[in-house]
Amino acid sequence: MKNFSRSPQSAHAFFETHFGRVGFGGGHINAADLERIKYNHPGLVVDLGVGLWAWPMPVDWDGDGDLDLLVDCPCKPYNGIWFFENPGGSKTPVFKAGKRVHASRRNIQVCWVDGKPRFLLPGAEVSADLTKTTKIYPTSRVEKHRKLRANQWKYVDYDGDGALDLIAAVGIWDDYGWDNAYNAKGEWTNGPLRGFVYLMRNEGTSAKPKYAAPVKVRAGGKAVDVYGRPSPNFADFDGDGDLDLLCGEFVDSFTYFENTGTRKAPKYAAGRKLTHNGKTLTMDLEMIMPSAVDWDGDGDMDLIVGDEDGRVALVEHTGKVRDGLPQFLPPVYFKQQADEVKFGALSTPVGFDWDGDGDEDIICGNTAGYIAFIENLSGPKVERPKWGAPQRLKADGKTLRIMAGKNGSIQGPCESKWGYTTQTVADWDHDGLPDLVVNSILGKIVWYRNTGTRKAPKLAAAQPINVEWHGEQPALKWGWMRPRGKALLTQWRTTPVVVDWNRDGLNDLLMLNHEGYLTLFPRSKRGGQLKLHAPQLIFETNPGYVRLNSKSAGGSGRRKLCVADWDGDGRLDVLANSPNAELWQNVADREGMYKLINRGTIFKRNISSHTTSPTVVDWNGDGVPDLLVGAEDGFLYYGRNSRK
């Protein structure tokens, strides 16, 4: 294999000379379409979840006297408002599987008036059956900021005069910007996210409202300002008879503003974070959305909270107040009867027999930075297997989770709880056991050595993937992180594919380099030691080298890859994320160079609003690779390969 340094144009000319022109075949390759896979496991209980972004509304939807869950999910393709029936019997029941009752109504909020739920959108109210919308305010925006990512409206009798006032809470991104604003020390140089709460006081009556101009709610002598996505809840959280304010935020914590005034003359103290056992109370992920309600009927206001990955949790009020701060328990995530297989959001599946029992399981990453083992319980040659619940993998005895922290994401500190794991299962050290090779939000390629057995894997702590560079490792042209030694640092959120591409018996690494080109890091064995060599530009298309992403900073990377002989011609092809998956067909090779042609999207169904992640499986055992795709909604989609 050669390290060709010729320009894209000359590489193109090389193939034109030796192979002639290879035609482009666009369009959808398969007639059959993708379908979400099901657990096929009666009695199994899993985390309750919708797709990306859960906006929970605890209401008695079926009129049986207990609180059910309506959860709005604005993502694609799982868009909708979903009804999860509470069968009763516990404050943390096992809900029935979700049923879609309406299309998503973005920014929908539930508030309670005289013991009944009312549903509001920005500037409008939605009927109790979710079908009709009535305008209640002249505009849906109460400020002029451009970068708005939350717009949450509610009714509340703010001042106890009997007339319903309007609250509009907004998450504003103008000061934060979005991308690539760290200095060389890894310090964020833009501003924070803003989260303001506006009051439009009703100077009329509830029947004939007359709303005053919006003003910011103040606390501690200044405007309420939390870290984006305020999700305000006005309720008596400390049991003294007036309305306090409790807000969420874009990340994971809650801010409490005590009403130190009266019911009719509110005055809010400076915000304080909710705590538990002396530590800030947080959710597992971020983009949280709390909704206050007395869930367990014990007379105090609990929180029902949605997470970015579609899960919903109970954050229970203990009924206690310490030093003026109401005490809540840590989140307990609701469960449901298992229906469709899901693991978080932006799921990244890999088909592999992880437990060595002869059938293909699923190893899957997600936005939260976890990696899970989803066990195939059916055995080989079953096209629609029975699945176990996702089990989070451990490394070095601890739950494996990669997170950005305060400065690990190029898009800033508001992404601190995300990890975006994407991985390959392969025998990296050639000891006969499958290991994990992982990329993430950090762009640092690491591997977890399997120190267990073939049937009982056990992962060691992460180690860097080291490369024998020719001189200094090339660095990304953005961000503050720089390569350290031989450890590979490249574009974030793109799959490190471990494959013996050159068929020399050693596993190589195929992935995007620092400039977004598809490259091969070849392997050799010297003195009994495995060596990974600098990346080679060996993939050519029409025209030039295969470059899967030419964008920079936050727009870089983001390509999920899989290698398989999709078309059965004996050549290894490349599958990449697309509306489902696109085929880069391997059509020719000569002197270590390979011609890849993008044949377009394989299936018709568009399951991507942000990204997808393809892998191949052969559950039915016919020797033909079929497609399994993880989508932004966290569900997994399966499609048969149409070739014979």
When the residues of region 396-444 are narrowed to those that are within 25 Å of P614 (Cβ to Cβ) and of a type in the set (G, A, S), which ends up nearest to the chain's Cα centre (by Cα)? G419
Counting only residues that are farther than 23 Å from E35 by Cα and aliphatic (A, V, I, L, M), region 565-584 contains a total of 1
Within region 425-452, track down each residue that is more than 20 Å from Y370 (Cα to Cα) and in contact (Cβ under 8 Å) with a residue 60 or more places away in the chain. D427, W428, D429, H430
Within region 81-93, residues buried (at least 17 other Cβ atoms within 10 Å of the Cβ) and closer than 17 Å to V46 by Cα come out as W82, F83, F84, E85, N86, P93
Among the residues in region 229-242, are any in a strand (DSSP E or B), buried (at least 22 other Cβ atoms within 10 Å of the Cβ), under 29 Å from the mean Cα position of the chain (by Cα) and in contact (Cβ under 8 Å) with a residue 12 or more places away in the chain? yes
Can you list residue pairs whose Cβ atoms sit under 6 Å apart, with the first residue in region 261-278 being open to solvent by 80 Å² or more (accessible area, probe 1.4 Å) and the second being modelled with pLDDT of 95 or more and not in a strand (DSSP E or B)? Count only pairs 6 or more apart in sequence or on different chains. K264/D159; K264/G160; K267/T260; K267/G261
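Of the residues that sit in region 521-564 and are of a type in the set (S, T, Y) and open to solvent by 10 Å² or more (accessible area, probe 1.4 Å), which one is farthest from the chain's Cα centre (by Cα)?
Initial filter on region 521-564 (of a type in the set (S, T, Y)): 524, 541, 545, 550, 552, 556.
Next cut, open to solvent by 10 Å² or more (accessible area, probe 1.4 Å) only: 524, 541, 545, 550, 552.
Details: S524: 36, T541: 32, Y545: 31, S550: 23, S552: 21 Å.
Among those that are of a type in the set (S, T, Y) and open to solvent by 10 Å² or more (accessible area, probe 1.4 Å), it is S524.
Looking at the structure I just gave you, is R263 over 30 Å from A553 (Cβ atoms) and either in contact with a Cys (Cβ under 9 Å, 6 or more places away or on another chain) or not in a strand (DSSP E or B) (or both)? Talk me through it step by step, then tell me what you get.
Details: over 30 Å from A553 (Cβ atoms): yes; either in contact with a Cys (Cβ under 9 Å, 6 or more places away or on another chain) or not in a strand (DSSP E or B) (or both): yes.
Answer is yes for this residue.
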Looking at region 556-568, I want the residues that are over 16 Å from V499 (Cβ atoms) and have a partner that is open to solvent by 30 Å² or more (accessible area, probe 1.4 Å) and modelled with pLDDT under 95 with Cβ atoms under 8 Å, at least 6 apart or on another chain. Which pairs are those? D567/R643; G568/R643
May I ask you to verify whether V71 is under 21 Å from the mean Cα position of the chain (by Cα) and either of a type in the set (D, E, K, R) or open to solvent by 10 Å² or more (accessible area, probe 1.4 Å) (or both)? no
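From G51, G65, grab the single residue that is part of a loop (DSSP other than H, G, I, E, B) and open to solvent by less than 60 Å² (accessible area, probe 1.4 Å). Give the steps one after another, and end with the answer.
Details: G65 fails: open to solvent by less than 60 Å² (accessible area, probe 1.4 Å).
Being part of a loop (DSSP other than H, G, I, E, B) and open to solvent by less than 60 Å² (accessible area, probe 1.4 Å) holds for just one of G51, G65, which is G51.
How about region 303-324: which of its residues are among the aliphatic types (A, V, I, L, M) and either open to solvent by 10 Å² or more (accessible area, probe 1.4 Å) or in contact with an Asp or Glu (Cβ under 6 Å, 6 or more places away or on another chain) (or both)?
Restricting attention to region 303-324, the residues satisfying the condition of being among the aliphatic types (A, V, I, L, M) are 303-305, 312-315, 321.
Scanning region 303-324 gives a single hit, V321.
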If I filter region 147-156 for residues that are modelled with pLDDT under 95, more than 30 Å from V101 (Cα to Cα), open to solvent by 70 Å² or more (accessible area, probe 1.4 Å) and of a type in the set (K, R), do I get at least one hit? yes
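This table checks each residue for (1) at pLDDT below 95; (2) buried (at least 16 other Cβ atoms within 10 Å of the Cβ); (3) more than 27 Å from the chain's Cα centre (by Cα).
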{"residue": "R105", "(1), (2), (3)": "no, yes, no"}
{"residue": "G160", "(1), (2), (3)": "no, no, yes"}
{"residue": "G171", "(1), (2), (3)": "no, yes, no"}
{"residue": "K185", "(1), (2), (3)": "no, no, yes"}
{"residue": "T189", "(1), (2), (3)": "no, no, no"}
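Got a number for residues in region 598-644 being among the acidic types (D, E) and either modelled with pLDDT under 95 or not in a loop (DSSP other than H, G, I, E, B) (or both)?
First pass over region 598-644, keeping only residues among the acidic types (D, E): 618, 622, 626, 632-633.
Keeping just the survivors that are either modelled with pLDDT under 95 or not in a loop (DSSP other than H, G, I, E, B) (or both) gives 626.
Total meeting the criteria: 1.
Restricted to region 357-375, and to residues that are of a type in the set (G, A, S) and open to solvent by less than 10 Å² (accessible area, probe 1.4 Å), which residue is farthest from the chain's Cα centre (by Cα)?
Going through region 357-375, the residues of a type in the set (G, A, S) turn out to be 358, 365, 368-369, 372.
Still in the list and also open to solvent by less than 10 Å² (accessible area, probe 1.4 Å): 365, 368-369, 372.
Working: G365: 10, A368: 6, G369: 9, A372: 14 Å.
This residue is A372.
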Residue count for region 124-142, restricted to those that are within 19 Å of R201 (Cβ to Cβ), open to solvent by less than 70 Å² (accessible area, probe 1.4 Å) and under 29 Å from the mean Cα position of the chain (by Cα): 1
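Here's the yes/no breakdown for (1) within 22 Å of D573 (Cα to Cα); (2) charged (D, E, K, R); (3) touching a His at 6+ places or on another chain (Cβ under 6 Å):
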{"site": "W447", "(1), (2), (3)": "no, no, no"}
{"site": "Q491", "(1), (2), (3)": "yes, no, no"}
{"site": "D500", "(1), (2), (3)": "yes, yes, no"}
{"site": "T519", "(1), (2), (3)": "yes, no, no"}
{"site": "Q529", "(1), (2), (3)": "no, no, no"}
{"site": "L537", "(1), (2), (3)": "yes, no, no"}
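The values are calculated or read from the model by the stated rules, or taken from the named source; none is laboratory data. Being a predicted model, the structure only gives us computed values, none of them experimental. For neighbour counting, all protein chains shown are included, and Cβ atoms are generated from backbone atoms with ideal geometry for every residue, glycine included. Accessible surface areas use protein heavy atoms only, side chains included; no ligands, DNA or RNA. Shrake-Rupley method; radii C 1.70, N 1.55, O 1.52, S 1.80 Å.
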